[in-house]
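I have placed the structure first, in the form of structure tokens, so that the comments after it can refer back to it.
The values are calculated or read from the model by the stated rules, or taken from the named source; none is laboratory data. A quick note: this is a predicted structure, and the numbers were derived from the prediction, not measured. For neighbour counting, all protein chains shown are included, and Cβ atoms are generated from backbone atoms with ideal geometry for every residue, glycine included. Side chains are part of the model used for accessible areas, which takes the heavy atoms of the whole protein and leaves out ligands, DNA and RNA. Shrake-Rupley method; radii C 1.70, N 1.55, O 1.52, S 1.80 Å.
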Amino acid sequence: GKEVILGRAIPAIEDGLLPVARRSLYSFYEQGDLAKYKKAALFVGATLGKYHAHGDASVYDAMVNLSQWFKKLNPLLESEGNNGNINGDPAAAMRYLELRMSKASQDFFFKDFDKSIVDMQDNYDNTLKEPSHFPSTFPSILNVATTGIGVGYACTMLPHRVEDICMITKRYIRNPNVSSSELYKDFRPDFPTGGTIINQASLPKFYDEGKGTVYVDARIEIVEFEGKEALAVTELPYLVTIGAVVSKIRELSVPLSQVKGSSVKTKNVFEDDIYDIRDLSDARKGQPVYLVIIPKNGVSPSVLMAKLYKHTRLRDFFGYNANVLHKGELCPSISVREIIS
């Protein structure tokens with residue numbers, strides 16, 4: 001029914017997690033020896049068999065998601081091996097990837113974990129107990145950036161720095177009647193892939209109403225490359241992959257005459273603008289995103305930059321929908337003030 005689907009798809013306000021993520025983390029906790037990397041397949045099997053009797057791919061995908069730096073500001077799992085990348089490439093098979101619980105996960109949920117004070121509920125076949133939610137040490141739902149789609153409701157939480165969440169929580173504790181402009185002063189999402197929020201002035205309204213659309217620009221700098229002026233993309237909007245950006249630019253650079261026949265009189269967007277694109281991203285060199293776009297001779301880099309923002313996902317938007325569960329009941333469009341209270 002509706003309650004079951006909402007319960008699977010909408011995160012709990014208490015810890016910010018969907019059931020598949022919570023059950024996965026609980027399986028890591030139960031395995032013990034949290035400092036040691038172990039095969040992902042071990043944890044997938046434990047989670048499936050004990051707590052989450054659904055497909056193994058959905059459980060593994062959730063674990064990979066929790067470990068990716070470009071999806072989570074503070075990854076809740078750490079990986080050794082190929083856990084995918086910002087280029088959109090998938091992770092290795094679960095029999096190869098090794099995982100362990102991150103320090104963030106331990107600090108957020110398991111520092112004072114005690115089954116006697118945590119609400120435990122029956123698992124799917126009533127043979128074991130599992131936590132209904134974790135006892136979070138702070139409003140972690142504002143950090144873990146959970147998304148989900150239920151019946152008629154979508155939830156998309158934005159990632160915020162732990163320090164900023166603690167800052168506004170202290171403001172609220174000191175004065176529960178603090179104005180929204182004062183409460184949310186200097187409080188904004190912090191995306192793991194960077195980028196610049198271009199409608200920051202709207203954020204207090206979004207935080208009060210529990211919904212809104214955040215617009216984010218990639219960071220693009222004019223640099224010297226092989227003796228010429230070029231553009232370097234060093235930060236991306238949240239959840240935009242390098243591969244998606246490169247393929248779109250290439251698609252808009254091909255002469256339309258080659259695409260639709262010689263009768264075409266108009267030109268493609270970047271047909272006269274771009275000489276080449278080089279993906280020089282290398283996390284080992286401290287440059288997880290470094291995409292160089294080389295203009296053709298006589299093309300102004302700043303004019304090209306404006307066109308890139310207009311025609312590609314180097315300017316993107318991200319919907320914010322704070323629809324959450326509290327004690328299993330749906331709380332639509334909850335305000336950040338209510339979350340921290």
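Note on THR196 and LYS36: their simple-model spin labels are 4.9 nm apart, each label 7 Å out from Cα toward Cβ. Please label the shape of region 206-312 as rounded, prolate or oblate, based on the square roots a ≥ b ≥ c of the eigenvalues of the alpha-carbon gyration tensor (a/c under 1.5 means rounded; beyond that, a/b larger than b/c means prolate, else oblate). It is oblate, given that a/c is not under 1.5 and a/b is not larger than b/c. In whole Å, what is the distance between the alpha-carbon centres of region 16-45 and region 75-102? Using only Cα atoms to place each centre, the spacing works out to 13 Å. Note that the chain, at 25 °C in a medium of 0.890 mPa s, gets a Stokes-Einstein diffusion coefficient of 111 µm²/s from its Kirkwood radius over C-alpha pairs. Keeping to pairs on different chains or 8 or more places apart, tell me how many lysine pairs in region 252-310 have Cα atoms under 26 Å apart. For region 252-310, qualifying lysine pairs total 11. When its C-alpha radius of gyration is set against 2.2 N^0.38 Å (N residues), region 140-191 gives a value of 1.32. For MET167, the solvent-accessible surface with a 1.4 Å probe is about 60 Å², rounded to the nearest 10. Other residues with beta-carbon under 12 Å from the beta-carbon of GLU271 carry, at +1 per Lys or Arg and -1 per Asp or Glu, a net charge of +1. Rg ratio for region 89-142: its Cα radius of gyration over 2.2 N^0.38 Å, N being its residue count, equals 1.49. Separation of region 155-212 from region 275-341 is 18 Å, based on Cα centroids.
Stokes-Einstein diffusion of region 30-73 at 25 °C, 0.890 mPa s viscosity, Kirkwood radius from Cα pairs, rounded to a whole number: 215 µm²/s. In region 1-151, the C-alpha radius of gyration followed by the widest Cα-Cα span (Dmax) gives 14.5, 44 angstrom.
Compared with the dominant principal axis of the Cα atoms in the chain, helix 301-311 is inclined by about 50°. The calculated 222 nm mean residue ellipticity attributable to helices in the chain amounts to -8000 deg cm²/dmol, summing -39500 (n - 2.57) over DSSP H runs of n ≥ 4 and dividing by all residues. Taking the empirical scaling 2.2 N^0.38 Å for compact globular proteins as reference, region 91-215 has a Cα radius of gyration ratio of 1.31.
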